[in-house]
């Protein structure tokens, strides 16, 4: 068996195409969806991520504006800008690019974003709503994984799902979203003993641990669906996931590559959330 490789770039483009159709409809009705991105400092990776988000917005016709603060900016300065953006009717989505410099209170700043504009899905209101199954904005990376499974018509209900990694950004929300689809979910983390005894039981294995080649073929059940969320740069500059791709693809039924798998979906789901926010705030009834 050789796994079908899930093309995240193709699925991400499909999502963006749908978003563009909705944006075109909104603009004809006088609504121009807008995203505000706040970045603090000069972190090179953050600059790349922000540029990718701006390009994705441009592709679908979203207005986007980047608000850049120096690395020594204060919580008060950033929060003041967030509150101003909360009140701006032309802004439908606000995100603070993480990580922030250590002296800033990220939790406080994210909490100051209006829950109706929290398109990253990190506000406590949206996190709590995710537990209840009523969130406005699912976090973008696990939302992207969910869309990949839907696009490939991979059944989730009744399946044994193992999520490796328990972060607030990916692992925990991923588990909640899959539970809401009637999967039986197990979460593993850094202190899990004998990881393989759990992963070998998975019909669907989602790995987001940040450790290259953590998952090797003998840890994967034949025919499993393997979703690799990890992204790691090796000393030689190569970009790899958390899964031994070459080995595991010979046992899995589906697998995502790194790069080109989950990564492109994250930005596309941010665009999706922003478009949906604009539709909700404008009270329009639109369909693709």
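A compact table of results
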read-out: Search result, residues across the range 67-85 that are out of contact with any strand residue (DSSP E or B) (no Cβ under 7 Å at 6 or more places or on another chain) and either under 18 Å from residue 107 (Cα atoms) or touching a residue at least 12 places away in the same chain (Cβ under 8 Å) (or both); value: 70, 72, 74, 75, 76, 79, 80, 83
read-out: Enumeration of residues in the range 125-150 that are surrounded by fewer than 17 Cβ atoms within 10 Å (Cβ to Cβ) and farther than 29 Å from residue 108 by Cβ; value: 150
read-out: Any hit, the range 51-66, residues being surrounded by fewer than 19 Cβ atoms within 10 Å (Cβ to Cβ), more than 28 Å from residue 151 (Cβ to Cβ), in contact with a strand residue (DSSP E or B) (Cβ under 9 Å, 6 or more places away or on another chain) and modelled with pLDDT of 95 or more; value: yes
read-out: Filter pass, residue 262 being touching a residue at least 12 places away in the same chain (Cβ under 8 Å), touching a strand residue (DSSP E or B) at 6+ places or on another chain (Cβ under 6 Å) and closer than 20 Å to residue 166 by Cβ; value: no
read-out: Flag for residue 156 being buried (at least 16 other Cβ atoms within 10 Å of the Cβ), in the same structural domain as residue 243 (by TED's automatic domain parsing) and assigned to a loop (DSSP other than H, G, I, E, B); value: yes
read-out: Residue under evaluation residue 4, criteria (1) over 23 Å from residue 277 (Cβ atoms); (2) at pLDDT 95 or above; (3) loosely packed, with under 12 Cβ neighbours inside 10 Å, criterion not met; value: (3)
read-out: Residue match in the range 160-172 (condition: assigned to a loop (DSSP other than H, G, I, E, B), surrounded by fewer than 18 Cβ atoms within 10 Å (Cβ to Cβ) and touching a strand residue (DSSP E or B) at 6+ places or on another chain (Cβ under 8 Å)); value: no
read-out: Unique residue being free of Cβ contacts under 8 Å to residues at least 12 places away in the same chain and out of contact with any strand residue (DSSP E or B) (no Cβ under 9 Å at 6 or more places or on another chain) when the list is 12, 102, 111, 106; value: 102
read-out: Boolean, residue 94 is under 14 Å from residue 273 (Cα atoms) and surrounded by 23 or more Cβ atoms within 10 Å (Cβ to Cβ); value: yes
read-out: Test: residue in the range 134-145 that is in a strand (DSSP E or B), at pLDDT 95 or above and in the same structural domain as residue 224 (by TED's automatic domain parsing); value: no
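The values are calculated or read from the model by the stated rules, or taken from the named source; none is laboratory data. Just so we're clear, the structure is a prediction, and the values are computed from it rather than from any experiment. Because the Cβ atoms are built from the backbone with ideal geometry, glycine has one as well, and the counts that use them run over all protein chains shown.
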